[in-house]
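Have a look at the structure below before the remarks.
The values are calculated or read from the model by the stated rules, or taken from the named source; none is laboratory data. Values in this document were obtained by computation on a predicted structure and should not be read as measured data. All Cβ positions, glycine included, derive from the backbone under ideal geometry; neighbour counts span all protein chains shown.
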Amino acid sequence: MATLEFPGPSRSRFDLLVIGAGVVGWLLLNLLVLRLANGVLPFDRPTMVGAPFASQVAGPTLALIEQLALMGLVWWMTRRRTAFDMAARAPETSRAWRETLGLLAYAMLGQVGGWIVGPALGYRPFSFHLAGSMVGCSTPPSPGEALLWASYNFVVFAVIPYLWFRRTYSDAKLNLVSTDRRNDWAVILTVLVLEGAVQLAAIPGVFKMTPEAFAMAAPIAFLLFFFGTVLPTMVLIYAILLPRYLKLTGSPALTVILGGLTYALMHLVEGWSSFRTPHDIVLSVLFVFVSYTGPGMFKAFVTLRTGNAWVHALGYHAIAPHVLVDTPLIATVFGIR
């Protein structure tokens with residue numbers, strides 16, 4: 001089963017070429033960011049104010065190194081699982097192509113819709129992250145913006161795709177059923193503890209909250225981000241697209257990279273992005289791919305190893321980071337002191 005061969009010693013020359021191309025692509029992307037930025041990243045990221053330019057640019061690469069280390073740990077933890085064939089969960093090749101391209105087109109239209117609906121109602125364009133998530137923003141969202149953002153993303157990117165594909169495919173074929181619950185929970189808890197520790201060390205904002213404020217804001221943060229980004233991400237990319245990527249490429253390595261690129265693609269317009277000049281727009285888009293390809297690859301890898309999209313959602317998304325890091329933002333949005 002190809003699913004269980006990566007990232008151990010590769011038995012495919014194509015996988016090795018893909019990994020090599022990925023490394024080169026990552027280096028070129030970062031060099032392009034360095035060239036265009038010219039020492040300044042013009043983004044609205046209050047938590048990064050005062051941070052040296054070098055550390056801001058190096059941050060995503062350091063995060064990628066940590067994500068690769070976590071991949072190695074997940075590989076080790078899942079090495080004795082019963083083999084399964086995720087590609088068999090996708091339809092035959094011609095239909096897989098139609099479904100993949102159709103869903104990607106739908107997803108882009110859904111993003112464009114968010115760019116229209118948000119401003120039409122007096123808010124910012126919607127993306128897969130609420131404005132201010134992870135990095136803060138100079139003008140925090142209002143409660144109405146936060147609730148509308150979550151509702152729009154949940155319906156457009158989770159409910160509609162799930163109902164459409166569920167007519168034909170079972171939850172098992174959509175990577176939504178566990179084949180080894182004990183191992184799944186071991187991976188979830190291990191990744192959550194390790195990633196949570198890293199994120200709290202890097203962004204310790206929750207420690208500045210009172211226990212009462214955290215107790216009130218944390219459940220809201222969990223629910224808001226669970227419906228606004230966790231379920232949309234899980235359903236659209238890792239339940240539906242990932243088996244089709246593996247079916248069409250036959251390459252676990254390329255499937256992981258495509259999962260990462262798709263995850264970044266769904267964040268094209270972030271709350272911190274700058275649209276003041278064409279230069280800023282290009283730099284913002286490039287930095288989206290620098291920032292989100294790594295986390296998206298990790299989510300894809302975990303799903304390939306476990307066959308269960310819930311594992312990444314619970315271990316590497318819903319709580320870390322969106323409760324551990326974003327609870328202070330939600331407290332500000334809803335006026336919790």
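Whether any residue in segment 128-148 is in contact (Cβ under 8 Å) with a residue 60 or more places away in the chain and within 26 Å of THR168 (Cα to Cα) is what I want to check.
Taking every residue of segment 128-148 in turn, none turns out to be in contact (Cβ under 8 Å) with a residue 60 or more places away in the chain and within 26 Å of THR168 (Cα to Cα).
With the requirement that a residue be more than 15 Å from PRO252 (Cβ to Cβ) and surrounded by 13 or more Cβ atoms within 10 Å (Cβ to Cβ), what does segment 76-92 give you?
MET77, PRO91
Check off (1) over 26 Å from GLY132 (Cα atoms); (2) modelled with pLDDT under 90; (3) assigned to a helix (DSSP H, G or I) for THR47 and give me the number that stays unchecked.
(1)
Hey, GLY335 hits all of (1) at pLDDT below 95; (2) surrounded by fewer than 23 Cβ atoms within 10 Å (Cβ to Cβ) but one; which does it fall short on?
All conditions are met except number (1).
More than 30 Å from VAL282 (Cβ to Cβ), surrounded by fewer than 18 Cβ atoms within 10 Å (Cβ to Cβ), modelled with pLDDT of 95 or more and not basic (Lys, Arg) - does that describe any residue in segment 95-116?
Yes: one or more hits.
So which residues in segment 167-194 are surrounded by fewer than 16 Cβ atoms within 10 Å (Cβ to Cβ) and of a type in the set (D, E, K, R)?
ARG167, ASP171, ARG181, ARG182
Tally up the residues in segment 273-325 that are of a type in the set (Phe, Trp, Tyr) and at pLDDT below 95, please.
Residues flagged as of a type in the set (Phe, Trp, Tyr) and at pLDDT below 95 within segment 273-325 amount to 1.
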